[in-house]
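Chemist: Dumping the structure here so I can ask a few things about it.
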Amino acid sequence: MIKHRGVAPAVHPSAYVAPNATLVGDVRVGPRARIMYGAVLDAEAAHIEVGEAYVVAENAVLRASAVAEQPWPVRLGDHVFVGPHATVLGAVVGRCAYLATGAVLLQGSHVGDGACIAVYALVHARTRIDNEAFVGPHVVAVGDPAQLFTPDRADDLAAAIRDINFAGAAFGTQSAWTGRISRYEEIAEVRAAEFAEHAHDEISPGS
C-alpha cells in the first residue's frame with residue numbers, strides 16, 4: 001500500500017490483497033475483492049475504482065493516467081475477472097466481464113457487461129465492446145463500433161490505429177504518424193515526467 005500524490009489506497013475490510021500485490025495512490029477496492037500475488041494497481045494522477053467480488057489475478061496490471069487529452073481512470077464493475085498478466089490502462093469494464101490471460105485494454109476503451117476478451121486479445125484506445133461480445137484470442141479490436149483484426153491483417157490494423165490517434169489518446173502527443181522516432185521520444189518524455197512523481201511516494205502505515 002503506497003501513498004501517491006497525497007492519496008493512500010482504500011480497501012474494504014472484506015477484500016483480500018496478497019502480500020506482494022502493490023496498490024499505489026487513489027485505489028478504491030470494493031467488498032469481497034481478491035487481488036492476487038504480484039498484481040499492481042497504480043492510480044497515477046487519476047483513480048482506480050473496482051466493484052464487488054471481482055478478481056485481479058497474478059501479475060495483472062491496472063493503471064490509471066492523467067497525462068493525455070483527459071484523465072483516464074480505471075473502473076471495474078462487480079464480478080469482473082482480470083486474468084493473469086492482463087493489462088488494463090485507463091479503461092472501463094462492465095459487470096461480469098471476463099478478461100483472459102494476457103488481455104490488454106488501452107486508454108478510453110469500454111468493455112460492456114458480460115463481454116469476454118480472450119487470451120492475448122487487445123482492445124485499443126477509445127474502442128467500445130458491446131455487452132456479452134466476444135473478442136477472440138490474439139484479435140485486436142479498434143473503434144466504435146469495434147472492428148476486429150486478426151494477426152494476418154497487419155496493414156489494415158496499422159491504418160485503424162493511425163485513424164484513432166492512439167498517441168493523442170494515451171499520452172496527449174500530436175507527433176506525425178510517420179515520425180516514429182520523434183513520436184516515441186515524446187511519449188517517453190511524457191511517461192518519464194508522470195512517473196517522476198513516484199519519488200515522493202510513501203509506504204502506507206500497516207502495509
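The values are calculated or read from the model by the stated rules, or taken from the named source; none is laboratory data. Remember, it's a predicted structure, so these values are computed and weren't measured experimentally. Note that we place each Cβ from the backbone using ideal geometry, even for glycine, and neighbour counts take in every protein chain shown.
Chemist: Identify the residue in region 167-195 that is of a type in the set (Val, Ile, Thr) and part of a helix (DSSP H, G or I) and, among all such residues, is farthest from the chain's Cα centre (by Cα).
Modeler: Residue satisfying both the conditions and the ranking: ILE181.
Chemist: Let me ask something else about it. Looking at LEU122, LEU148, which is the one that is under 19 Å from the mean Cα position of the chain (by Cα) and either farther than 19 Å from ALA91 by Cβ or modelled with pLDDT of 95 or more (or both)?
Modeler: LEU122
Chemist: Given the conditions (1) surrounded by 14 or more Cβ atoms within 10 Å (Cβ to Cβ); (2) acidic (Asp, Glu); (3) within 21 Å of ARG75 (Cα to Cα), and given that GLU132 satisfies all but one, which numbered condition is not satisfied?
Modeler: Only one criterion is unmet by GLU132, namely (1).
Chemist: Do any strands (runs of 3 or more DSSP E) entirely within region 79-166 hold 3 or more residues that are aromatic (Phe, Trp, Tyr), over 19 Å from GLU58 (Cβ atoms) and in contact with a Lys or Arg (Cβ under 6 Å, 6 or more places away or on another chain), and if so, which?
Modeler: In region 79-166, no matching strands (runs of 3 or more DSSP E) lie anywhere.
Yes or no, residue by residue, for (1) at pLDDT below 95; (2) among the hydroxyl-bearing types (Ser, Thr, Tyr); (3) in contact with an Asp or Glu (Cβ under 8 Å, 6 or more places away or on another chain); (4) under 19 Å from ILE164 (Cβ atoms):
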| site | (1), (2), (3), (4) |
| --- | --- |
| ALA53 | no, no, yes, no |
| PRO71 | yes, no, no, yes |
| ASP78 | no, no, yes, no |
| ALA97 | no, no, yes, no |
| LEU105 | no, no, no, yes |
| GLY112 | no, no, yes, yes |
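A quick yes/no check of all residues on (1) of a type outside the set (D, E, K, R); (2) at pLDDT 95 or above; (3) over 22 Å from TRP72 (Cα atoms); (4) within 15 Å of the chain's Cα centre (by Cα):
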residue	(1), (2), (3), (4)
HIS12	yes, yes, yes, no
TYR16	yes, yes, yes, no
LEU23	yes, yes, no, yes
GLY30	yes, yes, no, no
MET36	yes, yes, yes, no
VAL40	yes, yes, no, yes
ALA43	yes, yes, no, yes
HIS47	yes, yes, no, yes
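Chemist: If you don't mind, there's one more thing I want to ask. Are any of the residues in region 170-180 touching a residue at least 12 places away in the same chain (Cβ under 8 Å) and in contact with a Leu (Cβ under 6 Å, 6 or more places away or on another chain)?
Modeler: The answer is no, given that none of the residues of region 170-180 is touching a residue at least 12 places away in the same chain (Cβ under 8 Å) and in contact with a Leu (Cβ under 6 Å, 6 or more places away or on another chain).
Chemist: Could you list, in sequence order, the residues of region 93-121 that are surrounded by 20 or more Cβ atoms within 10 Å (Cβ to Cβ) and either closer than 16 Å to ALA169 by Cα or among the charged types (D, E, K, R) (or both)?
Modeler: VAL104, LEU105, LEU106, GLN107, GLY108, SER109
Chemist: Can you tell me which residue in region 1-58 is nearest to PRO71 (Cα to Cα), limited to those that are of a type in the set (A, V, I, L, M, F, W, C) and in contact with a Pro (Cβ under 6 Å, 6 or more places away or on another chain)?
Modeler: Only one residue tops the list, namely ALA46.
Chemist: Continuing with this model, one more query. Which number in (1) of a type outside the set (Phe, Trp, Tyr); (2) assigned to a strand (DSSP E or B); (3) out of contact with any strand residue (DSSP E or B) (no Cβ under 8 Å at 6 or more places or on another chain) marks the one condition that ARG75 misses?
Modeler: (3)
Chemist: Also: Mind listing whichever residues of region 105-116 are among the aliphatic types (A, V, I, L, M) and under 13 Å from the mean Cα position of the chain (by Cα)?
Modeler: LEU105, LEU106, VAL111
Chemist: Output the residues belonging to region 1-27 that are of a type outside the set (A, V, I, L, M, F, W, C), touching a strand residue (DSSP E or B) at 6+ places or on another chain (Cβ under 8 Å) and touching a residue at least 60 places away in the same chain (Cβ under 8 Å).
Modeler: Across region 1-27, the qualifying residues are LYS3, HIS4, PRO9.
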